[in-house]
1. Report ³J(HN,Hα) in whole Hz for each residue of region 58-69, in order, from the Karplus equation J = 6.51 cos²θ - 1.76 cosθ + 1.60 where θ = phi - 60°; Gly and Pro get x.
2. What lysines sit close enough to Lys40 to cross-link, taking a C-alpha to C-alpha distance under 20 Å and skipping anything fewer than 8 places away on the same chain?
3. In a GNM of the chain with a 10 Å cut-off on Cα contacts, which of Leu20, Leu28, Leu56 has the highest mean-square fluctuation?
4. Over the chain, what is the relative contact order in whole percent, taking alpha-carbon pairs under 8 Å and six or more residues apart?
5. Once every DSSP H run of n ≥ 4 in the chain is given -39500 (n - 2.57) and the sum is divided by its residues, what mean residue ellipticity at 222 nm do you get, rounded to the nearest 500 deg cm²/dmol?
6. Mean shadow of the chain, computed from the convex hull of its alpha carbons, in nm²?
Amino acid sequence: MQPIGKLLIFAGVMLILFGLLFSFSSKLPFGKLPGDIIIKKGNFTFYFPLATSILLSIILTVIMYFLNKR
């Protein structure tokens, strides 16, 4: 298979996975984890998703480890 074909297949699979992720994301607790920092004062809201960022980093690291292991 030519490189452009592999690239298009990979892009299609990634689009499908992102579509599934976005359709089911409302059921996932991302953004509402105990380590996320939310500061509300008057009309100002500061949101820092610390626990969510760490969790996503771990998940992506494991995925990339298995993809690059070949």
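The numbers here are math on the coordinates, done by the rules we state, and not lab data. Keep in mind that what you see is a predicted model, and the values were worked out from it rather than measured.
1. 5, 4, 5, 5, 5, 4, 5, 4, 6, 6, 8, 6
2. Lys32
3. Of Leu20, Leu28, Leu56, the most mobile in the Gaussian network model is Leu20.
4. Across the chain, relative contact order equals 19 percent.
5. Rounded to the nearest 500, it is -19500 deg cm²/dmol.
6. For the chain, averaging the hull's shadow over all directions gives 7.0 nm².
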